Amino acid sequence: MSILKDKNILLGITAGIAAYKSASLVRLFIKAGANVKVVMTPASKDFVTPLTLSTLSKNEVFSSFVDETDDNQVWNNHVELGLWADLFVIAPATANTLAKMANGVCDNILLATYLSAKCPVYFAPAMDLDMYKHQSTKTSFSKLISFGNKMIPAGTGELASGLVGEGRMAEPETIINFIEKDILDQLPLRGKKVLITAGPTYESLDPVRFIGNHSSGKMGFEIAKASANLGAQVILVTGPTHQSITHDNVDLKPVISAEDMYNEVHNYFLDSDIAILSAAVADYRPKNVADQKIKKKDSTFTIELEKTKDILKSCGEIKDKQFLVGFALETNNELENAKGKLQSKNLDLIVLNSLQDKGAGFGVSTNKVTFITSGNDIVEHELKSKAEVASDLMQQILKQIDA
Ligand code: CTP
């Protein structure tokens, strides 16, 4: 899955012959799962038509401050366009537009949008050899880079003039790869390993029966997704669940019992930077597991249970560099109990779920949590979707590891 999935990409097109490649660029952005809008300089319409670009992007194309097709003359809001964008990519970027951008000139809607945009801006220059080498163009490049814009360098090859050299706009695939790599390199958990547990565990009684619980695994899967989206390499150890995840950065390790989960967690824990143990692990399991299906006989039936290993506690006992997060599901004396678990299991952070809160806990898509840190900070959150809770949790972890 591309990091560009669901991103709002504003593509700016200026008047260079490479504008014909912008159509392919729109297709590649769409293929990567992005939403695309196009803003053009008036002169660029001589090289590629708005109709082609609106068809490919499935969005209206903007090339002037007013909507010329409308008798009422609707103003095209460049500020809104700039705010809509997560990324602004200007490709091709001509010497003329780059010089204007470098000097705050604002005589068309593309330039006005550039001045209003708050998002990262990438530009892919395209011009003839001597224009690319000219000192004034180099000054535009360095000025724009000093403003925080990112330059996607032009390639070398045959140019429209027939000359051979530098100035050819980077190929659409190169532009996409450049942007994807740039975004990935800046993700805060890039290079970090995150270990997550999710779901219930099933403890066998005989070959057909088990003791389990109602955990859906949704919270843990959302945490895995949020961590992976922040660039982490994730190991997700999960008990039996209907949840699914497809993300290049997530390695799924399915297990059944608490013992399996314990072993799998310890295969990865010491090598992790962050461990978030959200699974609803069985605290007890049948002491004896029957080889054959147990037949019904007496009117009552007693199962002797023994304690499972506390996975979270065992991690707390051996942790060195790892940032360790546990969950506490409580029905009474919530804060006190959670603080007790934070200390006794040697955690850096505990996420308290109270079953007294409506909409929190097992089998629902929302959760209401309170974070308690090892520094005794207490951060209460509203009822939110589990995806939002996962995102809040990752922000809390980033705050603590950066501190
Ligand atoms: N946990 C674990 N291994 C276990 C039991 C729990 O790793 N055998 C972890 C859970 O993943 C969770 C945390 O411990 O992060 C708290 O689980 P919880 O059931 O609330 O607490 P317990 O310590 O089991 O205590 P109690 O059930 O008595 O409240």
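Please verify whether Ser116 is surrounded by 14 or more Cβ atoms within 10 Å (Cβ to Cβ), touching a His at 6+ places or on another chain (Cβ under 9 Å) and among the polar types (S, T, N, Q), treating the condition exactly as stated. Here the answer is yes, as Ser116 does meet what is asked. Name the single residue that is farthest from Ile109 (Cα to Cα) among those in region 30-50 being open to solvent by 30 Å² or more (accessible area, probe 1.4 Å) and not hydrophobic (A, V, I, L, M, F, W, C). Looking at the filtered set, the residue picked out is Lys31.
Residues in region 213-248 that are in a loop (DSSP other than H, G, I, E, B) and open to solvent by 40 Å² or more (accessible area, probe 1.4 Å): Asn213, His214, Thr241, His242, Gln243, Ser244, Thr246, Asp248. Does region 51-66 include one or more residues that are open to solvent by less than 10 Å² (accessible area, probe 1.4 Å), modelled with pLDDT under 95 and assigned to a helix (DSSP H, G or I)? There is no residue in region 51-66 that is open to solvent by less than 10 Å² (accessible area, probe 1.4 Å), modelled with pLDDT under 95 and assigned to a helix (DSSP H, G or I). You will find that of Lys309, Lys321, Lys313, Lys368, the residue that is charged (D, E, K, R) and free of Cβ contacts under 8 Å to residues at least 24 places away in the same chain is Lys368 and no other.
Looking across region 272-290, the residues that are open to solvent by less than 40 Å² (accessible area, probe 1.4 Å), more than 9 Å from the ligand (Cβ to nearest atom) and assigned to a strand (DSSP E or B) come down to Ile274, Ala275, Pro286. What do you reckon, is Glu336 closer than 21 Å to Gln396 by Cβ, acidic (Asp, Glu) and surrounded by 13 or more Cβ atoms within 10 Å (Cβ to Cβ)? No: the conditions fail for Glu336.
The values are calculated or read from the model by the stated rules, or taken from the named source; none is laboratory data. Keep in mind the model is a prediction, meaning the values are calculated, not measured. Quick reminder, even Gly has a Cβ in these numbers, built from the backbone with ideal geometry, and neighbours come from all protein chains shown. Accessible surface areas use protein heavy atoms only, side chains included; no ligands, DNA or RNA. Shrake-Rupley method; radii C 1.70, N 1.55, O 1.52, S 1.80 Å.
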